[in-house]
Amino acid sequence: MIIQRKIEQRLKKHFKPNKVQVILGARRTGKTILVREFIKNLDEPYILLNGEDLTTHELLSRMSTANYTNLMGDKSVLIIDEAQKISDIGMKLKIMVDNIEGIKIIATGSSVFDMTNKSGEPLTGRKFSYFLYPFSEDELSGVEDEMQRSENLRERLIFGNYPEVTFLKNREEKREYLSELVSSYLFKDILSFENLKSSAKIIELLKLIAFQVGNEVSINEFSRHLGINKQTVERYLDLLSNVFIIYRLRTYSSNLRKEVARSSKWFFMDNGMRNAIISNFSSLENRNDVGKLWENYMVSERIKYQSIKPHHSFNYFWRTYDKQEVDWIEMYGGNLHAYEFKWRDESARVPAGWKNSYPDSEFKLINSNNYFEWLKI
C-alpha cells in the first residue's frame, strides 16, 4: 500500500528548470519511496544516484561544467538520494544549476546539520526545501475511515507513525523495528556527526528528555546528571534537533513580571521513538504517562501540519511563576492562538493570567474528539 505524501504536490509545483529541490528528513521516513513514486509519473529522462554509493562520489568528484554536462548527456533530471554523504555537494549542485541549461535537480538528505552546512549557502536563491516526517494524521486519513482512525490513534500514541511501523500488524514486530531503529540510528549514524566518540551520553540525555516530555527542562540539571559541561549538552541537543529526533519549544513572554521567560520544553518528533528510548510499549490502559504521550503526539503532528500546509507560525508554551500554563501557543497574522492538550477531558478553562494578559487571543482545547479537525490540511 502506498500512502500519498502531502509534499508531493509541492514537489510538482516547484519542479522547475535550474532549481534544486531539497527533501530533508530522518532516516526511514520515506524519502526514497517518495522519490521513486515521483519518478513513476515523470515524463522526462532522468539519472538517479545514491550518495552512499562510492561510484556516485567518483562521478561527481571532478567539479567542472564539462564533467557534469557529460554525465547528464540527454537527461534533464538529476535525483540524488542521501546527498549529504557527498563532499562539497552544495557547490557541485550550484555548478550544475548555474551552467547546465534546463536541468532539474532533487536531492534528499537525512539531517539539517549536514544538508544545511553542505548545500546551504551555495544554493541561496536556487533551491526549495521541504521536510519529510513520519506519516501525518492527515496523510493516514486517506487510507482509514473515522472508526479506524479512532482505534489506530491509540496504537500511534505508543508506536508512532514511522512508515514501516504503520504497515506492521503485529505489536512485537513494531517493538523490534523501533528498538532496532533506535539502536542502528542513534548508535551508528549520530556518532558520525562531529566525530562523537561515544553514544552513551546521547542515549542518557534522550532518556532524561523522554521522561520529562511536556515539562520544563534545565540545561544545568542535564549537565549535572550527565557529568558533562553545559556547552556539550547544548551541542548534543542541537545535534538531536538537526537530525529530526527532538523538537525544542520555547516560552512565550511579553516581559510581564509573573511570566517565566527563557525556558524550554523538549518533545520527540515521533512517539514510537520516545517509547523505544525508555523501552516502554505498554498499552494506554497500563501507563501513567498518557498525558505526556498525548501532548507529545499533538506537538509532533502540529509541526507536520505547519510544514505541509505551509503554516508560518512561531510556536511557544506559556507559564507563570504561580504555575499557570498553556501547552501550545502559535503566533501568526499578528495574533496569539493558545491551545490546551487533554487526552479525554471535554472542557478546559483559560488560565486567568493568560486571559487577563492577552484578552484578544484565541483559546481552544484539543482532545481525542476534536484533534483531527485541528490537524487536517
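The values are calculated or read from the model by the stated rules, or taken from the named source; none is laboratory data. Model, not experiment: these values are computed from the prediction. Counting neighbours? That spans all protein chains shown, and the Cβs are built from the backbone with ideal geometry, glycine included.
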Hand me the list of helices (runs of 4 or more DSSP H) wholly inside region 119-187 holding 3 or more residues that are under 27 Å from E8 (Cβ atoms), in the same structural domain as Q306 (by TED's automatic domain parsing) and over 19 Å from the mean Cα position of the chain (by Cα).
146-159
Can you confirm whether E285 is acidic (D, E) and surrounded by 13 or more Cβ atoms within 10 Å (Cβ to Cβ)?
no
Residue pairs, Cβ under 8 Å, 6 or more apart or interchain, first in region 93-112 and assigned by TED's automatic domain parsing to the domain that holds Q21 and closer than 7 Å to N18 by Cα, second small (G, A, S) and in a loop (DSSP other than H, G, I, E, B). List them.
G102/S76; I103/S76; K104/S76
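So that you can scan it fast, the table gives a plain yes or no per residue for (1) more than 17 Å from the chain's Cα centre (by Cα); (2) farther than 15 Å from L132 by Cβ:
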| site | (1), (2) |
| --- | --- |
| I2 | yes, no |
| R5 | no, no |
| L11 | yes, no |
| K16 | yes, yes |
| A26 | no, no |
| G30 | no, no |
| I39 | yes, yes |
| L42 | yes, yes |
| P45 | yes, yes |
Can you name the condition, by its number, that K6 falls short on among (1) basic (K, R); (2) over 26 Å from I246 (Cβ atoms); (3) crowded, with 17+ Cβ neighbours inside 10 Å?
(2)
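Can you name every residue in region 81-91 that is part of a loop (DSSP other than H, G, I, E, B) and buried (at least 20 other Cβ atoms within 10 Å of the Cβ)?
E82, I86
Take the conditions buried (at least 19 other Cβ atoms within 10 Å of the Cβ) and among the hydroxyl-bearing types (S, T, Y) and apply them to Y297. Does it pass?
For Y297, the condition - buried (at least 19 other Cβ atoms within 10 Å of the Cβ) and among the hydroxyl-bearing types (S, T, Y) - is met.
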Any residue that is in contact (Cβ under 8 Å) with a residue 24 or more places away in the chain, among the β-branched types (V, I, T), in contact with a Leu (Cβ under 9 Å, 6 or more places away or on another chain) and over 20 Å from S129 (Cβ atoms) - is there at least one of those in region 48-60?
yes
Condition set among the hydroxyl-bearing types (S, T, Y) and assigned to a loop (DSSP other than H, G, I, E, B), scope region 36-66, selection nearest to R5 (Cα to Cα): answer is S61
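Quick grid of which residues meet (1) at pLDDT below 85; (2) crowded, with 20+ Cβ neighbours inside 10 Å; (3) assigned to a loop (DSSP other than H, G, I, E, B); (4) of a type in the set (A, V, I, L, M):
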site	(1), (2), (3), (4)
Y68	no, yes, no, no
D74	no, no, yes, no
I79	no, yes, no, yes
L93	no, yes, no, yes
E101	no, no, yes, no
I106	no, yes, no, yes
N117	yes, no, no, no
Members of region 201-237 found to be within 21 Å of V299 (Cα to Cα) and touching a residue at least 40 places away in the same chain (Cβ under 8 Å), listed by number:
L206, K207, I209, A210, F211, Q212, V213, G214, N215, E216, V217
Please enumerate the residues belonging to region 344-374 that are over 21 Å from T320 (Cα atoms) and without any contact (Cβ under 8 Å) to a residue 12 or more places away in the chain.
N370, E373
